[in-house]
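No value in this document is a laboratory result; all are computed from the given coordinates. What you see is a predicted model, and the numbers here were worked out from it, not measured in a lab. Ideal geometry is used to build each Cβ from the backbone, glycine not excepted, and the neighbour counts take in all protein chains shown.
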Amino acid sequence: MLRAMLHRHSILSGAVAVALAAAGCATSAANNEHGPSFGPEGGSDGAQGDTGSPDEGSPESGGGGEGGNEAGPGVDAGMDVVSEGTGMEGAAGETGSDAPVETGGDGGFVAPNCDGVIGPGEYGTIANEQTNTGTGQVWYMTWDATNLYVAIDQANVTEGSVLYVALSPGDAGSGGLTSGYAYDGTDITGLPFGASLVVYGKSTYNEARVVTGGAWGAPNTTAVKVCTGTSSATREEVIPWSLVGGLPGSFGWLGYVAAAGHAQGLIYGQMPADDPGGGPANAETYTKYYAVPNATPGKDTPFADEQ
């Protein structure tokens, strides 16, 4: 009888040992499966576009003289382009795309990422883009309480874009000028509104001028950001409303691209497309523009109201 009891105790001890060993293996396997815990990695900041300095033939060096490389309308694929901005600044959770940047205001408005890449929906809906079907350039525009965001696709980035903005255009432009400023041989001597701001931008130089004392003022070469990335055909511009004293209640605008190498000017990609293009373009009269009657962000769109 004693021998039977000892035998039973031995069996029970062995079972307990097996159970303890199995529990230890399960704990080890769980630790190996989950591994160490890491926090989320931070994203990298996108590079900002370099505003550059006046190059030979830029408006700064000659008040609207010839600038850039000879290319004419359209895009020369073999042309060397100065790249501005090589990084990507993405919103959290977005990878592999041109992720816009959440500004935290204007009802959740997401500002375009200035990097020379136009991502799907970056400028909003289809209502925020317009194509000049005659020359093939595509314009994009949106804004918030701080900046006006403009992009142009399929236009040579070494050739300057010219954008005129009028404040309260229904009131004759609120003290602006109806004659433009000469850039790269082009000159809109007759504007359809009183412009208060003109912005010139390309990959190597940009400037903004505002009306001061009844004339176009000195160039501001630091306020506007122009980004071209690695593209030879896409530019993005960030234009602060502070240049005109803050977000206006309403505004009007028009723009074009000035082809380089034309003494009397040559215009392409004009917007609205109903304004004249081609050349010579050193004494043009424009009669069309886009009006934004309510500039409150998210209310009116940039291409809906052609005047």
Given backbone amide H placed at 1.01 Å from N, residues whose amide H is under 5 Å from that of Gly217, ignoring those fewer than 5 places away on the same chain, are Val210, Val211, Thr212
Treat the count of other C-beta atoms within 10 Å as a stand-in for reagent exposure and order Phe109, Phe251 from fewest to most. Phe109, Phe251
5 angstrom amide H check on Gly160, placed H, neighbours 5+ away: Ala258
Burial ranking of peptide ranges 111-120, 197-206 (average Cβ count within 10 Å, highest at the top): 197-206, 111-120
Among 285-291, 146-152, the order from most to least packed when residues are scored by Cβ within 10 Å on average: 146-152, 285-291
